[in-house]
Each structure stands twice: as C-alpha cells, then as structure tokens.
1. Could you please let me know if Glu68 is within 30 Å of Met37 (Cα to Cα), exposed (fewer than 13 other Cβ atoms within 10 Å of the Cβ), free of Cβ contacts under 8 Å to residues at least 24 places away in the same chain and of a type outside the set (Lys, Arg)?
2. Which of the residues spanning segment 69-121 are within 18 Å of the chain's Cα centre (by Cα), among the acidic types (Asp, Glu) and at pLDDT 95 or above?
3. Which number in (1) at pLDDT below 80; (2) closer than 25 Å to Arg73 by Cα; (3) touching a Ser or Thr at 6+ places or on another chain (Cβ under 9 Å) marks the one condition that His27 misses?
4. Can you tell me which condition Gly125 does not meet? The list is (1) on the phi > 0 side of the Ramachandran plot; (2) modelled with pLDDT of 95 or more, and all the others hold.
5. Given (1) in contact (Cβ under 8 Å) with a residue 24 or more places away in the chain; (2) exposed (fewer than 13 other Cβ atoms within 10 Å of the Cβ); (3) outside the structural domain of Leu33 (by TED's automatic domain parsing), identify the lone condition not met by Pro105.
6. Could you figure out which of (1) crowded, with 18+ Cβ neighbours inside 10 Å; (2) among the aromatic types (Phe, Trp, Tyr); (3) farther than 30 Å from Ala79 by Cα isn't true of Phe93?
7. Counting only residues that are part of a loop (DSSP other than H, G, I, E, B) and on the phi < 0 side of the Ramachandran plot, how many does segment 30-77 have?
8. Checking the condition in a helix (DSSP H, G or I), of a type outside the set (D, E, K, R), closer than 17 Å to Ala82 by Cα and touching a residue at least 12 places away in the same chain (Cβ under 8 Å), which residue from Leu95, Leu142, Leu149, Leu135 passes?
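The values are calculated or read from the model by the stated rules, or taken from the named source; none is laboratory data. The model shown is predicted, which means the values in this text are computed figures rather than measured ones. All Cβ positions, even for glycine, are placed from backbone atoms using ideal geometry, and neighbour counts span all protein chains on display.
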Amino acid sequence: MSSLWTPGGEHQIPRDQPAAPVDPPAHGAPSGLDPEMEDAIAASLPDGVTLDDLSPEQVAQAEEMIHEMAAARERLLQAPAATVVANHAMGLFELAALHLSQETPNFSEAGLAIDAMAAVVDGLGDRLEDAGPTLREGLQQLRMTYVQLKQQSAE
C-alpha cells in the first residue's frame, strides 16, 4: 500500500503487483515486446531515435518506466478526485508560500499561485469535501500574508 497526503489526512492507496521483469533482447535483435509496448516505447523516444537505436538495457528501462506510469495511473484512478484536486491546491499553497518567504518576496509569482489556488478553492466550493475548510483557511492566510508583506515592502 502507498499513501496520498491530503489536507484531510493520509489516504491509503493499494498498489498493483509490479510487472514481471522482461529479459531484454540482444541489441539489434527483434525486441520480443508485444506490439503495444513497442509502440509505447517508440512514441516516447525523441525524434529521429528508433527502438533499434536503444541498447537492451535502455529498452528494459523504457519498458519499466511505462509499467510504472501505468501503475501510477491505476493508483490515481483509485483515489477520489476531490482528494487529488485538494492535494494539487496544497501544492499551489506551498508555491505561493515559498515565493512569499524569500528575503525579497516575489509578489508576482506568489500572486499567480494565490490566484490559481483561489480559482480552484472558490470555484469548486463544497465539491472539495472535507478538504474545503482547510483549503479556504490556507487561502485566507496566504492573502493576509501577501497584503502584509506588500505593505511592509512599500514602507
């Protein structure tokens, strides 16, 4: 089990079983990958690079990353959307607080993060469920801090 932190607390998210490792083919040999995996790896490569250009280790790494991304998507689908959105709103809170906490606060960047958080929190209201009150309080604290610091910098 892994967990996802939210303003409402820690939420346990079951993990899928890891994919079995695949023995990579010899360089230049047929990949032995199923066509969907070949397509997924090929789509992730930079322009001009083909599957044949990769070493067996690189193919195995790419395949493992694709499996990990698929598992992460599955875990994300298991979490309530309100929880995930609230977690992102807390990221915006942290971003704004970081810009405000600098020796010389970056009001432009902090303001954008505060406005983005407000768009989420105010726009979704009660749909954020249990995280709503905590996020509204955090947003209010950011706004007050922003105004206080702005006044101090003007003096």
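1. Numbers: within 30 Å of Met37 (Cα to Cα): yes; exposed (fewer than 13 other Cβ atoms within 10 Å of the Cβ): yes; free of Cβ contacts under 8 Å to residues at least 24 places away in the same chain: yes; of a type outside the set (Lys, Arg): yes.
Taking the combined requirement at face value, the residue satisfies it.
2. Glu94, the sole residue that qualifies.
3. Here His27 meets the rest and fails (2).
4. (2)
5. (2)
6. That leaves (3) as the condition not met.
7. Going through segment 30-77 one residue at a time, the tally reaches 11.
8. The unique qualifying residue is Leu135.
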